[in-house]
Structures are given as structure tokens and as C-alpha cells.
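Following: one structure in C-alpha cells, then a few remarks.
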Amino acid sequence: MEKKINIEGLELNYDETGPDGASPVILMHGWGCNHTTVASIANALNKNMKVYSLDLPGHGKSQEPQEPWGIERFTSLVEKFAKTLDIENPVLIGHSFGGRISILMASRNNISKVVLVDAAGIKPHHSLKYYVKVYSFKAAKKILPYIMGNKQAGKIIDAWRGKAGSADYRQSSPMMRAVMSICVNEDLKKFMPSIKAPTLLIWGENDTATPLSDAKTMERLIPDAGLVSFPDCGHYSFLDNPGQFKAVIQSFLLK
């Protein structure tokens, strides 16, 4: 059942399924998605667990932040969501961007278990070509307004930004583009050793957005972590191999 809740002036949409009184799960989707994207994960668990599947701020039916947020603000909001609904010692499941929030939240709260699915959280190493592009763009933002005025420079910069950015970036609103720029540059490795909850990493071996090497780094840094990887699966491993994914996550959480 879809519900809405107001947390500090921001309306958050979420889907709540499963029996009352059952062990709680907070399920968080990836960037550019919403709670329906991870519905198969909720359906694999909600016969035995109480699943709260969020539309993260700026996604689905939840409001955008009023200013650019980093992971701290997203995590604080989810922590307040849990406190408001009296959700104690939950399981955290995060796909991609939702994994970022799960990592930070698990590092400083009482969490039962953590499942990171093709999760983000490790700042990527970029090539020289990438840095040339980034610094050329930053230089253009400063120089072009002096050459052709703010209005014309703004049009050129926006067009350049749209062509250079990822598909997720191009499809986001201006506010969420600013949010994304902050979040993708946050490296959460320093928080991983503080995660005390048993942690399952589930990955697609062909994931190019958050490569398998990220999962291996997380497995090394999180004290009680184990990795399961699926051949011939990409960034949405839970959709690429739903049967095996369901068996693995149920084995970890229900047995």
C-alpha cells in the first residue's frame, strides 16, 4: 500500500507491504528509479517481513530537496523516517544509489542486516581524458560569461553539460543534477569498517556502473561481509537473474 509522510517539510512517498509486527526492511532504489523498480525484491520478502520501500527524495512521487543534498542529508531523512514510524533494528537493502544511504546509515545505527545490490559508494578512478573534460568545463563556466554575456553563455554551458553527462544526469532536473554532482563525488570507504551488521553483497559480474571491483573492495572493508556475484548480469542483477537473486536474498534474510 502506497503511503505518504512528511519529514521536516518534505513529502516522502513509500510503499508498505507485509505483516504487521514482522521484522522490518527498509528498501531503497537506485538513481532515476522509484520503489516500483525494486518491487521484485519487496515481493520476495513481504510474506515474512514488513517492507518499507521508499521513493527517495526527487524520485517517484517524493518531493525534490529544496537545495542540493549530499548523502548525509539523504541518510538523515531515512533515519528520521525510521524513527517517526518506530522502525527499530531494520534490515537495509540498497540498490546502486540506495546503497550509498545504506552504507552510511548502517555505519552509525543499530541495523539487523545489510544487503548491498550493485551498490554505489566508492569514488571511481578516472582517466586523464575525464579530468581534461571536467576542468575544461569548469574553465568555460568562468570565462564564457565575460566573452558573450550570462544568458548566451548559460545556453552553451547547459548544452555542453547535457551532452557530456551520463544518461541519469541528462534525465534529471536541474536540482537533482546538482544533487547527483555532489553524491557521485563522495567516497564512503571510510564508513565501511564501522558497519557491524552482517552484510551481503549481490553483484552482476558485467556491471559497468558500479564494477565488481567495487564489491570486492566493500567485502574487504566491511568486517562481516560476503559477496555473491552473478555471471552475465549487469547493474540490475536482481532483474537480470531474478530466480537466483530471490534464492540468495531469502537464504540470507529468512533462514
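The values are calculated or read from the model by the stated rules, or taken from the named source; none is laboratory data. Bear in mind that the values here come from a model prediction, so they are computed numbers and not experimental data. A quick note on method: Cβ atoms are made from the backbone with ideal geometry, for glycine too, and the neighbour counts reach across all protein chains shown.
Collect the residues in the stretch 79-119 that are within 20 Å of Asn13 (Cα to Cα) and basic (Lys, Arg), keeping them in residue-number order.
If the condition is that a residue be within 20 Å of Asn13 (Cα to Cα) and basic (Lys, Arg), then Lys80, Lys83, Arg100 are the ones that fit.
For the stretch 183-196, what are the residues that are buried (at least 20 other Cβ atoms within 10 Å of the Cβ) and part of a loop (DSSP other than H, G, I, E, B)?
Across the stretch 183-196, the qualifying residues are Leu188, Ile195.
Considering only residues of the stretch 54-88 that are free of Cβ contacts under 8 Å to residues at least 40 places away in the same chain and closer than 17 Å to Pro24 by Cα, which is surrounded by the fewest Cβ atoms within 10 Å (Cβ to Cβ)?
The extreme case among them is Asp86.
For the stretch 54-65, state whether one or more residues are part of a strand (DSSP E or B) and in contact with a strand residue (DSSP E or B) (Cβ under 8 Å, 6 or more places away or on another chain).
Yes.
Any chance the stretch 58-71 includes a residue that's within 15 Å of Ala106 (Cα to Cα) and under 15 Å from the mean Cα position of the chain (by Cα)?
Within the stretch 58-71, one or more residues are within 15 Å of Ala106 (Cα to Cα) and under 15 Å from the mean Cα position of the chain (by Cα).
Results for (1) more than 17 Å from Met49 (Cβ to Cβ); (2) modelled with pLDDT under 95; (3) in a helix (DSSP H, G or I), shown as yes or no for each residue.
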site: Gly94; (1), (2), (3): no, no, no
site: Ser102; (1), (2), (3): no, no, yes
site: Ile111; (1), (2), (3): no, no, no
site: Ala119; (1), (2), (3): yes, no, no
site: His125; (1), (2), (3): yes, yes, no
site: Lys129; (1), (2), (3): yes, yes, yes
site: Lys138; (1), (2), (3): yes, yes, yes
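Which of the residues spanning the stretch 25-48 are crowded, with 21+ Cβ neighbours inside 10 Å and farther than 30 Å from Glu67 by Cα?
Across the stretch 25-48, the qualifying residues are Ile41, Ala42, Ala44, Leu45.
Which residue, of Met175, Met180, is farther than 25 Å from Gly234 by Cα, at pLDDT 90 or above and assigned to a helix (DSSP H, G or I)?
Criteria check complete, one pass: Met175.
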